Amino acid sequence: MKKRVLSGIRATGRLHLGNYLGAVKGMIELQNNSEYECLYMVADAHTITTPYNPQELKTNQKEIIIDYLAAGLNPEKSTLFIQSQISEHFELAYYFSSIVSIARMQHLPTYKEKVKQYPKNNTMALLNYPVLMAADILVYKANLVPVGIDQEPHLEVTREIARKMNQTYGTNFPEPKRFSTPGEYIPSLKGEGKMSKSVEGSYINLTDSIDEIRKKIKSIPTATISGGPITGGVKTLFLLAKLFLKESDYQKFKDEYHQGILKFVNIKNAVAEAIYQELKPIQEKRSQIAQNKDYVEKVVKNGAERAKTIASQTLKEVKEKMGLR
Ligand code: TYM
């Protein structure tokens, strides 16, 4: 039997470069490896754990599927689906919640950050976020999860839940590992923290034009004189250069920097151009797919059928082991 892969992205808006480099690139790599069966979802139920607009969520569910297809996920190879359409995720999350302590969830850095960001929104759903994520993964008995490094604490919880379920009830959940990419952590363009949708000015959208990309890359804070330790905005710039430029060009800029002769405008222009060249075909494909609503509907419908088949089998097993059927 093939090993399984599961990943998801919240439907908070259009994808940014961090999502693409940290998650989608790994998703594509695994999809093209015949050793794996891949399932990729839109984590719409995780989107409601922080304040949101229902109308926008409804639109974004499909927008993420379109982004997936445009970036290179292929429904002939991967199962693409919408999380909330597979009710087994929520049922399993509830069963899992019976073996997870409240204290463990309250101590997670991801939970603390969100509470700080939205103090009026300290809800049960937010506290339960990692338990639902564990259910997303384990309902398919996935072994590998392509996500950015920020998701590692959630994978640790997933492994703990798998172990505890196996010990307590004799289930056979795997202990899933993160599949990482060279872009597993993309810093903010502001030179501090990570690239994030919730921080204005920190990100590049996959749909940005060359002018927008140039403007955003130019805004990365850099010193006027090059040389010295590579930190802050300069570090961000060199990471993007490493990920998008030819190795020889990257080395040339780095050497110039250390010699103190680098003109930041040159590396910024080169990086902006290279990012756009990678995004351009994705943008072109996106506008074609966006016109074909029926096709997108079909992809999601087929995806839900496949996902449901696997998920309902796992639920049957878990309910039997737990004395619920
Ligand atoms: P979300 O929507 O916050 O992020 C989606 C993916 O993008 C990655 N990512 C980054 N990678 C590198 N650098 C960055 N600056 C950056 N910002 C975001 C995230 O690591 C993630 O891979 N909890 C998940 C959604 C989810 C999920 C799942 C994922 C729900 N259930 C089951 C895997 C398996 C999340 O926060 O996505």
**Study point:** Share of carbon and sulfur in the accessible heavy-atom surface of region 109-172 [1.4 Å probe, %]
**Key:** 56
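From the helices alone, meaning DSSP H stretches of at least four residues, give me the mean residue ellipticity at 222 nm for the chain, per-run term -39500 (n - 2.57), in deg cm²/dmol to the nearest 500.
Only helices count here, giving -17000 deg cm²/dmol.
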Exercise for review: Report in % the part of the accessible area of region 9-80 that belongs to carbon and sulfur, leaving out ligands and nucleic acids; probe 1.4 Å.
Suggested key: 41
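How large is the charge dipole for region 210-287, taken about the Cα centre, if only the Cβ atoms of Lys, Arg (+1) and Asp, Glu (-1) carry charge, to the nearest 20 debye? Can you show the working numbers first?
Working: 14 positive and 9 negative charges, 38 e Å.
So the magnitude is around 180 debye.
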Review point. What does the charge dipole of the chain about its Cα centre add up to, to the nearest 20 debye, if the Cβ of each Lys and Arg holds +1 and the Cβ of each Asp and Glu holds -1?
Key: 320
Review point. For region 177-325, which whole-number percentage of the solvent-accessible area (1.4 Å probe, protein heavy atoms only) is attributable to carbon and sulfur atoms?
Key: 51
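Please give me, ordered by residue number, the trypsin sites (Lys or Arg not before Pro) of region 257-304 that lie in loop per DSSP and have at most 16 other Cβ atoms within 10 Å.
Details: sites: Lys263, Lys268, Lys285, Arg286, Lys293, Lys298, Lys301; in loops: Lys263.
Here the sparse-neighbourhood loop sites are Lys263.
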Revision key, fill the gap. The alpha-carbon center of region 133-158 and that of region 1-70 are separated, in whole Å, by 13
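Which percent, to the nearest 5, of DSSP beta bridges fully inside the chain are antiparallel? Don't skip to the answer; put the middle values down first.
On the way: 2 of 19 bridges.
Just about 10 percent of them are antiparallel.
Within region 59-156, which GluC sites (Glu not before Pro) sit in a loop by DSSP and count at most 16 neighbouring Cβ atoms inside 10 Å?
On the way: sites: Glu63, Glu76, Glu88, Glu91, Glu113, Glu156; in loops: Glu76.
Sites meeting the loop and neighbour criteria: Glu76.
Looking at the calculated P(r) for region 170-315, what percent of the C-alpha pair distances fall above 23 Å?
On the way: 5516 of 10585 pairs.
Of all Cα-Cα pairs in region 170-315, 52 percent lie more than 23 Å apart.
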Check your understanding: Roughly what % of Cα-Cα distances in region 210-287 sit above 15 Å, to the whole percent?
Key -> 54
Review point. For the cross-link pairs Lys114/Lys319; Lys242/Lys280; Lys164/Lys308; Lys194/Lys218; Lys77/Lys298; Lys116/Lys164, which exceed 22 Å when the distance is taken from alpha carbon to alpha carbon?
Key: Lys114/Lys319; Lys164/Lys308; Lys116/Lys164
Study note, to complete from the structure: Rounded to one decimal in nm, the spacing of the 7 Å Cα→Cβ label points at Glu152 and Lys164 is 2.2
Study note, to complete from the structure: Here P(r) for the chain, Cα-Cα distances in 10 Å bins, as whole percents, is 6, 24, 32, 23, 11, 3, 0, 0
Review point. Roughly how many Å is it from the Cα centre of region 222-248 to that of region 288-325, as a whole number?
Key: 44
Review point. What shape does region 79-211 have by the C-alpha gyration tensor, where a ≥ b ≥ c are the square roots of the eigenvalues, rounded means a/c under 1.5, and otherwise prolate means a/b greater than b/c and oblate the rest?
Key: prolate
Point to revise | the chain, accessible area per residue, ligands and nucleic acids excluded (1.4 Å, Å²) | key: 48
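The values are calculated or read from the model by the stated rules, or taken from the named source; none is laboratory data. Every value quoted in this text rests on a predicted model; they were computed, and no experiment measured them. Positions of Cβ are backbone-derived with ideal geometry, glycine not excepted, and every protein chain shown enters the neighbour counts. Note: areas computed on protein heavy atoms with side chains; ligands, DNA, RNA excluded. Shrake-Rupley method; radii C 1.70, N 1.55, O 1.52, S 1.80 Å.
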